[in-house]
Amino acid sequence: MTKRHLIANFPFVDAFDAVRADLPGAPLDWLQAARRNALARFQDQALPNRRVEEWKYTDLGALAKTDFAAPYGPIGDALAARIGATGDPDAIRLVIANGRVDSALSNTAGLPTGAHLMPMSTALDTHSDVLKDHITRIAALDGNGLLALNAAFMMDGYVLVVDDAAVIDPTIEVIFAGDGGQGPVALHPRNVIIMGQDSAATIIETHLGDGVYWSNPLTDVVMGEGASLRRYKVLQDATDAFHLAHDQVSLASGAHYKGFIGAFSAKLARHTVAATINGADATFDVAGTYLLRGDQHNDITTVVDHAAAGSASKQIFKGVLDDASRGVFQGKVTVHKDAQKTDAHQLNNALLLSDKAEIDAKPELEIYADDVKCAHGATAGDLDENELFYLQARGIDAAEARRLLVSAFVKAALDEIDRDAERARFETLVDAWLERANG
Amino acid sequence: MAPMLEIKNLHATVDGKEVLKGINLAINPGEVHAVMGPNGSGKSTLSYVLAGRNGYDVTQGSIIFNGADLTAMEPEIRAREGIFLAFQYPVEIPGVAGTTFLKTAYNAIRKHRGEKELDAMQFLKLVRAKQADLNMTDDMVRRPVNVGFSGGEKKRYEMLQMAMLEPALAILDETDSGLDIDALKTVADGINALRSPDRAMLMITHYQRLLDYVVPDFVHVLAGGKIVRSGDKSLALDLEKEGYAVLGTEAA
Ligand SMILES: Nc1ncnc2c1ncn2[C@@H]1O[C@H](COP(=O)(O)OP(=O)(O)OP(=O)(O)O)[C@@H](O)[C@H]1O
Ligand SMILES: [Mg+2]
């Protein structure tokens, strides 16, 4: 039999018994049991190799060879300063640094009534009854070794609970920082978002750090009937960092999830976004842009299950790949037998700025209902010579002309963000990325 | 005085195919030259060679612009040195706002000339004044470059750019095609307004009607990659009456 996993001997895994007393929810027996079961599952499943179909284009070999330890505690001052300079300093913010909430850098004072935001460690003290179901359900997700590792080593992430009918207008800022300054560390944040019936909220997550670290966040989103969530993710991880995220979203009828992923950094990143639409007339939208250079690798894998009638999903991704970077887009949409009148739309456009850059796009539609509207498209190309020449013929130099055209290309994804402040923030990040191209 | 533009024995290929086969042309400041000629004779090719488009290679001869070898310059440098090409088919650029485009171009050229760049407010004021002359609205100027413009609107937008960028040598490739009667008049007024003793124009056209408004100093007929006949404005009138047959076998 061919091997379907990678051999990895991570020091942090060996240290399970030493570190588990420091992990959130240590006094909870059910949680200790769940952690131990998950660890056993990881030891059984290990990390997927490229023979596993969904991992064909993303190689975890370099990750498996790195000696990741458990995090060493506080982050460096320079990194703390960068966190301070991220986003709106007056925003409601929660900072998770090296797997633990950093209360000094956090500020949740202005949180409107109806919203409850806290780190996982606090939530397990105060709301363990609410979280138990969520955590055991996620622990039982039989995906791969990455999920099992997160379940075994689950660290601080954020827990957001929004009460029924509460509409939270201010953007909630969550910042994840990893610091591998004292040697490679592995972080396994767990986030839980529970949106009550007809509630609404907006979250922006920023991921950043220094040195070699591996962030393996798992986010569980449960959307009640008519709930609406905007969730924006900014990936600004260190250039040597690994980021392997898994989102698990479930939507009840009339719920609306609007996600956006902006991937600007990290050595190797994979964003798995899995959604199950369980209720009628729900909408799942996820858009994003990935801007890659050097030998960066970014993988966006979406798995959308339409299990109820009249629901819609939309995915729009724009990738820009320079140098020897590599992009992967795998989008799978399944429309179950009873999900009539489903409207599923998926698009990935890649702009290849170098001959050595590569994009692998794999759209997959599985349709078991007969009355549906499904469309997918994937394109790859370079900049349009006619457009470049037109700009140059007006006195705009070639580099600036390229910047204008790349930024125009990415704009079509950013236009999916329907909040001005957040769209402007992503625009600034795109501009900064383009500026660096000329540096 | 040396001419502003001096083209000598110009041979050029497009994607390897020889299209220009020995062009000689001298243009002095203040002059308006009209170029006419059958479809496919090489008029647009000449305009692209002058503007420096990729894939249009000079294989023989020379182009001297204000004493410098034009062929050695990148397209953007030519533009900053004062060459402006109004495209026969202006390019649509989705996602790039017209104002961003024009401001970037305008300031690049100002900077090259050692002039102060304009801030957003000053720039908008200037565009507003010029767009009014060409019957263009704020919306048209702000929209993504050329996207959703009608054929005639695209041509007017080319003229707005020309008015803003104030070139030394304007090459107008069939700017009159696709214009309705009123727009033709508007565009012609725009061109005439820019005529000056320091500025030269090379106007490619198929029709006399533009030349009724913008009266050329010289008319050339380009056929088979060469200038086969040159004359004054009366040459265009003869062609209008007789067609290119008047040139006999030269034009074949
Ligand atoms: N990319 C190309 N590859 C090969 N041949 C080309 C290419 N571009 C233009 N040509 C040829 O060069 C010749 C000249 O074309 P050009 O566009 O310069 O003609 P024109 O005089 O401007 O014609 P019109 O009056 O129709 O605008 C034509 O025969 C055309 O087919
Ligand atoms: Mg032409």
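The values are calculated or read from the model by the stated rules, or taken from the named source; none is laboratory data. None of these values were measured; they are calculated from a predicted model. We place every Cβ from the backbone using ideal geometry, glycine too, and count neighbours over all the protein chains shown. Just the protein is used for accessible areas: all its heavy atoms, side chains included, with ligands, DNA and RNA removed. Shrake-Rupley method; radii C 1.70, N 1.55, O 1.52, S 1.80 Å.
In summary, residue B:113 fulfils each of the numbered conditions (1) away from ligand 1 (no atom under 16 Å from the Cβ); (2) open to solvent by less than 40 Å² (accessible area, probe 1.4 Å) with the single exception of condition (2).
Candidates A:319, A:327, A:331: the one that is open to solvent by less than 20 Å² (accessible area, probe 1.4 Å), assigned to a strand (DSSP E or B) and in contact with a Pro (Cβ under 6 Å, 6 or more places away or on another chain) is A:331.
Name the single residue, out of those in the range A:383-399 being open to solvent by 50 Å² or more (accessible area, probe 1.4 Å) and in a loop (DSSP other than H, G, I, E, B), that is farthest from the other protein chains (Cβ to nearest Cβ). The residue in question is A:384.
Return the residues of the range A:405-420 that are free of Cβ contacts under 8 Å to residues at least 40 places away in the same chain and either open to solvent by less than 30 Å² (accessible area, probe 1.4 Å) or of a type in the set (S, T, N, Q) (or both); say none if nothing qualifies.
Here is the first cut: in the range A:405-420, the residues free of Cβ contacts under 8 Å to residues at least 40 places away in the same chain are A:405, A:407-408, A:411, A:415, A:420.
A:405, A:407, A:408, listed by residue number.
Criterion first (assigned by TED's automatic domain parsing to the domain that holds residue A:181, in contact (Cβ under 8 Å) with a residue 40 or more places away in the chain, outside any loop (DSSP other than H, G, I, E, B) and hydrophobic (A, V, I, L, M, F, W, C)) does residue A:123 satisfy it? In short, yes. Count of the range B:44-56 residues, restricted to those that are more than 11 Å from the chain's Cα centre (by Cα) and within 13 Å of ligand 1 (Cβ to nearest atom), is 6.
Going through A:436, A:423, A:402 one at a time, which residue ends up being open to solvent by 70 Å² or more (accessible area, probe 1.4 Å), more than 20 Å from residue A:298 (Cβ to Cβ) and assigned to a helix (DSSP H, G or I)?
Every option except A:402 fails the conditions.
Of all residues in the range A:209-225, those that are part of a strand (DSSP E or B) and not hydrophobic (A, V, I, L, M, F, W, C) total 7. Summed over the range B:39-79, the residues that are free of Cβ contacts under 8 Å to residues at least 24 places away in the same chain and part of a strand (DSSP E or B) give a count of 2. Remark: pairs (first residue in the range B:81-100, more than 9 Å from chain A (Cβ to nearest Cβ); second residue open to solvent by less than 10 Å² (accessible area, probe 1.4 Å) and part of a loop (DSSP other than H, G, I, E, B); Cβ separation under 7 Å; 6+ apart in sequence or on different chains) = B:82/B:167; B:86/B:175; B:98/B:145.
Looking at this structure, is residue B:59 out of contact with any helix residue (DSSP H, G or I) (no Cβ under 8 Å at 6 or more places or on another chain) and within 12 Å of ligand 1 (Cβ to nearest atom)?
Working: out of contact with any helix residue (DSSP H, G or I) (no Cβ under 8 Å at 6 or more places or on another chain): yes; within 12 Å of ligand 1 (Cβ to nearest atom): no.
It is false that residue B:59 is out of contact with any helix residue (DSSP H, G or I) (no Cβ under 8 Å at 6 or more places or on another chain) and within 12 Å of ligand 1 (Cβ to nearest atom).
Please work out if residue B:64 is over 22 Å from residue B:110 (Cα atoms), away from chain A (no Cβ under 14 Å) and either within 16 Å of ligand 1 (Cβ to nearest atom) or at pLDDT below 95 (or both).
no
Given the condition touching a Pro at 6+ places or on another chain (Cβ under 6 Å) and more than 30 Å from residue B:8 (Cβ to Cβ), answer yes or no: does some residue in the range B:110-117 qualify? Checking the range B:110-117: not a single residue is touching a Pro at 6+ places or on another chain (Cβ under 6 Å) and more than 30 Å from residue B:8 (Cβ to Cβ). Selection of the range A:81-107 for residues being closer than 18 Å to residue A:170 by Cβ and not in a loop (DSSP other than H, G, I, E, B) yields A:92, A:93, A:94, A:95, A:107. Go through the range B:80-96 and give me each residue that's within 19 Å of the chain's Cα centre (by Cα), more than 16 Å from ligand 2 (Cβ to nearest atom) and not in a helix (DSSP H, G or I). Scanning the range B:80-96 gives B:82, B:83, B:84, B:92.
Restricting to the range B:156-173, name every residue that is part of a helix (DSSP H, G or I) and either open to solvent by 10 Å² or more (accessible area, probe 1.4 Å) or within 13 Å of chain A (Cβ to nearest Cβ) (or both).
Within the range B:156-173, B:156, B:157, B:158, B:160, B:161, B:162, B:163, B:164, B:165 meet the criteria.
So which residues in the range B:19-34 are farther than 19 Å from residue B:194 by Cα and more than 9 Å from ligand 1 (Cβ to nearest atom)? Before you say what the answer is, go through the steps one by one.
First, the residues of the range B:19-34 that are farther than 19 Å from residue B:194 by Cα: B:19-26.
Within the range B:19-34, B:21, B:22, B:23, B:24, B:25, B:26 qualify.
Between B:191, B:204, the distinction of being within 14 Å of ligand 1 (Cβ to nearest atom), out of contact with any Cys (no Cβ under 8 Å at 6 or more places or on another chain) and more than 14 Å from every other protein chain (Cβ to nearest Cβ) belongs to B:204 only. Scanning the range B:36-48 turns up no residue that is open to solvent by 40 Å² or more (accessible area, probe 1.4 Å) and either within 14 Å of chain A (Cβ to nearest Cβ) or closer than 28 Å to residue A:396 by Cβ (or both).
Within 16 Å of ligand 1 (Cβ to nearest atom) and part of a loop (DSSP other than H, G, I, E, B): does that describe residue B:176? It is true that residue B:176 is within 16 Å of ligand 1 (Cβ to nearest atom) and part of a loop (DSSP other than H, G, I, E, B).
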